[in-house]
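Student: One structure is given below, represented as structure tokens, and several questions about it will come after.
The values are calculated or read from the model by the stated rules, or taken from the named source; none is laboratory data. Every value quoted in this text rests on a predicted model; they were computed, and no experiment measured them. Heads up, the Cβs are rebuilt from the backbone with ideal geometry, glycines too, and the neighbour counts pull from every protein chain shown.
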Amino acid sequence: METLIKKDTQTLRRELQNGQSETLKSRRGIIALSLVGIGAMAAVTLLQTGIVKHLPDPPLPDFDSDKVNSSDTAYALGVPDGALSLASLAANIPLASFGGEDRAETMPLVPLAAAAKASVEALVAGWYFYQMPAVEKKWCAYCIVGAAANVGIAALSLVEAKKAWQNLTGREEK
């Protein structure tokens with residue numbers, strides 16, 4: 001944390017806005033995919049909380065977003081799953097924005113925590129992806145977008161996590 005405090009705001013801003021490292025490009029991808037997922041989950045949340053009464057679907061017979069998002073599974077945790085997913089995707093943005101270009105070296109636990117979070121969410125998204133055809137017998141286009149975003153975020157988070165792990169353990173890349 002001391003390294004972060006020593007980094008002045010101008011340096012941090014310059015690195016985040018103009019840095020071209022592989023890890024920063026991955027972090028920007030995480031932010032972009034999080035925003036795409038938020039858009040999809042915002043629509044789901046509007047339906048699940050009664051703000052809208054219908055979500056449009058692709059003109060294909062196996063799509064019924066209203067049915068999938070109004071299922072018992074979608075409310076099993078006591079809160080609509082769309083709202084939980086939206087909040088989780090939103091949390092990726094400050095997590096990906098936190099720290100400068102060298103955070104894998106100076107704060108390796110941050111990218112490792114981000115990768116762990118993203119990996120768990122990708123697994124949960126996979127479980128939900130299974131639920132659609134197996135339990136509900138229908139697909140939700142918004143959920144597919146959200147699941148794809150979560151899988152992409154997990155994959156991108158591994159780029160920096162690998163570097164952070166190597167720095168934390170003192171192992172060099174082979």
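Student: Only one of 7, 25, 67, 53 is surrounded by 15 or more Cβ atoms within 10 Å (Cβ to Cβ), out of contact with any Pro (no Cβ under 9 Å at 6 or more places or on another chain) and at pLDDT 95 or above; which? Lay out the reasoning, then the answer.
Tutor: Values: 7 fails: at pLDDT 95 or above; 25 fails: surrounded by 15 or more Cβ atoms within 10 Å (Cβ to Cβ); 53 fails: surrounded by 15 or more Cβ atoms within 10 Å (Cβ to Cβ).
The conditions single out 67.
Student: Considering the stretch 160-174 alone, what residues qualify as being modelled with pLDDT of 95 or more and buried (at least 17 other Cβ atoms within 10 Å of the Cβ)?
Tutor: Result: 160, 161, 163, 164.
Student: Report yes if residue 125 is within 14 Å of residue 30 (Cα to Cα) and buried (at least 16 other Cβ atoms within 10 Å of the Cβ), otherwise no.
Tutor: no
Student: Looking only at the stretch 129-174, which residues are under 22 Å from residue 87 (Cβ atoms) and not in a helix (DSSP H, G or I)?
Tutor: 140
Student: Still on this model: Among the residues of the stretch 100-122, is any farther than 18 Å from residue 84 by Cβ and touching a strand residue (DSSP E or B) at 6+ places or on another chain (Cβ under 9 Å)?
Tutor: No - not one qualifying residue is present in the stretch 100-122.
Student: Which condition breaks for residue 17 when tested against (1) in contact (Cβ under 8 Å) with a residue 60 or more places away in the chain; (2) exposed (fewer than 15 other Cβ atoms within 10 Å of the Cβ); (3) out of contact with any Leu (no Cβ under 8 Å at 6 or more places or on another chain)?
Tutor: Looking at each condition in turn, residue 17 falls short on (1).
Student: Also: What is the one condition in (1) under 25 Å from residue 19 (Cβ atoms); (2) under 19 Å from the mean Cα position of the chain (by Cα); (3) among the small types (Gly, Ala, Ser) that residue 170 does not satisfy?
Tutor: (2)
Student: Still on this structure, I have one more. Quick check: is even one residue across the stretch 25-33 basic (Lys, Arg), under 19 Å from the mean Cα position of the chain (by Cα) and more than 18 Å from residue 148 (Cβ to Cβ)?
Tutor: Yes: the stretch 25-33 contains one or more residues that are basic (Lys, Arg), under 19 Å from the mean Cα position of the chain (by Cα) and more than 18 Å from residue 148 (Cβ to Cβ).
Student: If you don't mind, there's one more thing I want to ask. When you look at residue 159, is it farther than 30 Å from residue 71 by Cβ and in contact with a Lys or Arg (Cβ under 7 Å, 6 or more places away or on another chain), yes or no?
Tutor: For residue 159, the condition - farther than 30 Å from residue 71 by Cβ and in contact with a Lys or Arg (Cβ under 7 Å, 6 or more places away or on another chain) - is not met.
Student: Determine, yes or no, whether residue 11 is in contact (Cβ under 8 Å) with a residue 40 or more places away in the chain, assigned to a helix (DSSP H, G or I), in contact with a Gly (Cβ under 8 Å, 6 or more places away or on another chain) and over 24 Å from residue 112 (Cβ atoms).
Tutor: On the way: in contact (Cβ under 8 Å) with a residue 40 or more places away in the chain: yes; assigned to a helix (DSSP H, G or I): yes; in contact with a Gly (Cβ under 8 Å, 6 or more places away or on another chain): yes; over 24 Å from residue 112 (Cβ atoms): no.
No: the conditions fail for residue 11.
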